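Here it is, the structure, as structure tokens.
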Amino acid sequence: MIPALICVVSFLTMLQFFVSYSRSMIAESRCVQLSAEAREICGFTFSTAAGNQFRRLVKLISLCPQRREDNRQVRIVAAYFYFLGLVRVLLNWAMPSASSWIESERSGCAYLAAVVLDRRIAYTRMMMAQQSSH
Amino acid sequence: MLGPVDYAIWFAALFADVWCAFCIVKRKALSQNFTIFLFFAAASTIGVARYLLVETAGFDSNSYFYFYYYSDAVLTICLFIVLMSLYAEVFSELGVRKLVRAGALLLLGGTALISYYMVASSSERLVTKFAFQLSQNLYFVGVVLTYVLWGAMMKLRENRTRLMQLVLALGVYLSAFAGSYALRTMYPSSPVWRYLIALMDLWLPVAWAYTFNKVPADARMATARVVAPSR
């Protein structure tokens with residue numbers, strides 16, 4: 001009985017910490033301004049992003065040369081994004097009002113992916129400039 | 001007998017521990033995060049000792065079995081000390097360092113005593129059962145304390161991004177381990193644990209290394225942005 005209780009409590013707190021941790025990463029990325037070019041590629045307005053763009057952005061990120069430190073950030077937020085998808089499916093019938101919150105969270109994930117993509121494009125440009133100068 | 005996957009995960013965890021300790025030194029955060037450095041130094045040393053023991057005595061040997069559980073209990077205590085240092089940092093302005101230290105010792109002693117009483121009735125393998133029970137209880141106490149700390153940080157409107165990410169990553173780690181220990185009590189013979197526990201071991205050094213590398217010490221973020229729904 002006690003191990004089952006510990007298990008349930010631990011699972012719930014883990015979810016809460018994981019959500020807060022992912023949100024702290026997204027909030028961090030919100031401080032970064034996207035370049036006009038990146039906004040155009042991603043199809044974003046000045047500060048908003050559509051959650052359904054996330055998968056496309058992750059695919060675009062994978063096409064760019066890798067910056068190792070970005071990988072982890074994208075992976076964690078991708079896990080959060082898919083978790084939100086699962087929550088949306090589960091809550092859709094029980095709490096339809098939650099869907100707007102979920103969508104805003106998913107758009108945060110997409111914004112972070114756009115920031116990473118922007119960084120990678122800049123990195124690729126820098127590499128190409130270095131190569132052409134040699 | 002260990003396979004290539006076991007060794008790969010093992011070395012990855014060992015490398016991650018050493019890497020995180022190195023990042024703390026490289027980012028000149030040693031004085032502020034000495035307990036975290038100490039934890040990773042202990043984790044690396046224990047990782048090497050476990051490897052040597054597996055090579056000499058074997059994975060299924062009694063020596064490895066005892067060493068594994070006792071070293072795990074030592075690491076849990078180290079993590080408990082890290083948590084207390086995070087408490088001291090959050091409440092530093094209130095000047096309650098001594099109170100936190102006394103409370104931590106009391107809690108640690110209490111948890112050890114409760115763990116002992118929980119296994120005292122069992123005559124079989126009391127020594128290892130105590131280490132296992134102590135780790136399980138300390139992980140759970142750690143989860144509760146991290147939750148309380150996170151609540152206090154929200155209440156005090158703590159805005160140090162690095163501290164926030166350190167606490168949240170620790171919360172994920174402790175919750176995952178507390179849950180896995182509880183599940184292991186219910187399903188002890190499942191083969192999943194061998195890989196899952198080793199993979200979970202990777203989380204903390206990787207998350208903290210990222211925090212030390214990418215989040216500047218002076219970075220600030222409103223707690224409300226982590227807690228309240230974003231617009």
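The values are calculated or read from the model by the stated rules, or taken from the named source; none is laboratory data. None of these values were measured; they are calculated from a predicted model. Methodologically, a virtual Cβ is constructed for each residue, glycine included, from the backbone with ideal geometry; neighbour enumeration extends over all protein chains shown. Remember, those area values only see protein heavy atoms, side chains included, never the ligands or the DNA or RNA. Shrake-Rupley method; radii C 1.70, N 1.55, O 1.52, S 1.80 Å.
Which percent of the accessible heavy-atom area of region A:2-133 goes to carbon and sulfur, probe 1.4 angstrom?
Working: 4520 of 6920 Å².
Whole-percent figure for carbon plus sulfur exposure: 65.
I've got another one for you. Between 0 and 90 degrees, rounded to the nearest ten: what's the tilt of helix B:4-26 against the longest Cα principal axis of chain B?
30 degrees
Which residues, if any, in region A:1-23 lose at least 30 square angstrom of accessible heavy-atom surface (probe 1.4 Å) when the other protein chains sit next to their chain rather than the chain being alone?
The answer is A:PRO3, A:ILE6, A:CYS7, A:SER10, A:THR13, A:MET14, A:GLN16, A:PHE17, A:SER20, A:TYR21, A:ARG23.
So which residues of region B:139-183 lose at least 50 Å² of accessible area, probe 1.4 Å, when you go from the chain by itself to every protein chain present?
Residues losing area: B:PHE140, B:TYR147, B:GLN165, B:LEU168, B:VAL172, B:SER175.
Output the 0 to 90 degree angle, nearest 10, between the alpha-carbon long axis of helix B:97-120 and the longest principal axis computed from the alpha carbons of chain B.
20 degrees
Using a 1.4 angstrom probe, figure out how much accessible area region A:49-120 has per residue, in square angstrom, rounded to the nearest whole. Could the numbers behind the result be given before it?
Working: 3560 Å² over 72 residues.
Accessible area per residue: 50 Å².
What's the magnitude of the charge dipole for the protein assembly as shown around its Cα centre, counting Lys and Arg as +1 and Asp and Glu as -1 at the beta-carbon? Answer in Debye, nearest 20.
Working: 34 positive and 19 negative charges, 180 e Å.
Taking the Cα centre of the protein assembly as shown as origin, the dipole is about 860 debye.
Compute the acute angle (0 to 90°) between the alpha-carbon long axis of helix A:98-133 and the principal axis of greatest extent of the alpha-carbon atoms of chain A; round to the nearest 10°.
The angle comes out at about 30 degrees.
As a test of the definition: with a 1.4 Å probe, what buried accessible area, both sides summed, do you compute for A against B, in Å² to the nearest 100? Can you show the working numbers first?
Numbers: alone 8720 and 12980 Å², together 18880 Å².
Using a 1.4 Å probe on protein heavy atoms, the buried area is about 2800 Å².
Can you return the aspartates and glutamates within cross-link range of B:LYS26? Criterion is Cα-Cα under 13 Å, with same-chain partners fewer than 8 residues away left out.
Cross-link targets: none qualify.
Can you return the lysines within cross-link range of B:LYS98? Criterion is Cα-Cα under 25 Å, with same-chain partners fewer than 8 residues away left out.
Answer for B:LYS98, where 25 Å is the Cα cut-off: B:LYS155, listed by chain and number.
What are the aspartates and glutamates whose alpha-carbon lies under 12 Å from the alpha-carbon of B:LYS214, with same-chain residues fewer than 8 places away excluded?
Qualifying aspartates and glutamates at Cα under 12 Å: A:GLU28, A:GLU69, A:ASP70.
I would also like to ask the following. Among A:SER62, A:LEU12, A:LEU112, whose Cα projects farthest towards the positive end of the dipole of chain A, with charges put on the beta-carbon of Lys, Arg (+1) and Asp, Glu (-1)?
A:SER62
Next question. Using a simple charge model, +1 on the beta-carbon of Lys and Arg, -1 on the beta-carbon of Asp and Glu, nothing else, what dipole does region A:2-133 show about its Cα centre, in debye to the nearest 20? Don't jump to the answer; show the numbers that get you there.
Numbers: 15 positive and 8 negative charges, 56 e Å.
Dipole about the Cα centre, nearest 20: 280 debye.
Residue by residue through region B:137-148, what is 3J(HN,Hα) from phi via Karplus (6.51 cos²θ - 1.76 cosθ + 1.60, θ = phi - 60°)? Round to whole Hz and write x for glycine and proline.
So the J values, rounded to whole Hz, are 5, 5, 4, 5, 4, x, 4, 4, 5, 5, 5, 5.
Regarding region B:13-159, what is the average projected area of its C-alpha convex hull, in nm²?
Directional mean of the projected Cα hull area for region B:13-159 stands at 10.2 nm².
Given Cβ point charges of +1 (Lys, Arg) and -1 (Asp, Glu) and nothing else, what value in debye, to the nearest 20, does the dipole of chain B about its Cα centre take?
Numbers: 19 positive and 11 negative charges, 188 e Å.
I would put it at about 900 debye.
Let me ask something else. Relative contact order of region A:2-133: what whole-number percent is it, with Cα pairs under 8 angstrom and at least 6 residues apart? Don't jump to the answer; show the numbers that get you there.
Numbers: 96 pairs, mean separation 51.9, N = 132.
Averaging sequence separation for qualifying contacts and normalising by length gives 39 percent for region A:2-133.
Hey, got the average number of other protein chain Cβ atoms within 10 angstrom for residues in A:29-40? Could the numbers behind the result be given before it?
Numbers: counts 0, 3, 5, 0, 0, 0, 0, 0, 0, 0, 0, 0.
Taking the mean over all residues of the peptide, I get 1.
With all protein chains present, how much of the accessible area of chain B (probe radius 1.4 Å) comes from carbon and sulfur, to the nearest whole percent?
On the way: 7830 of 11590 Å².
Carbon and sulfur: 68 percent of the exposed surface of chain B.
Now for a different question. Report the local net charge at B:ASN159: Lys and Arg +1, Asp and Glu -1, summed over other residues whose C-beta lies under 10 Å from its C-beta. Walk me through the numbers before you get to the answer.
On the way: positive: B:ARG157, B:ARG160, B:ARG220, B:ARG225; negative: B:GLU158.
My count for the surroundings of B:ASN159 gives +3.
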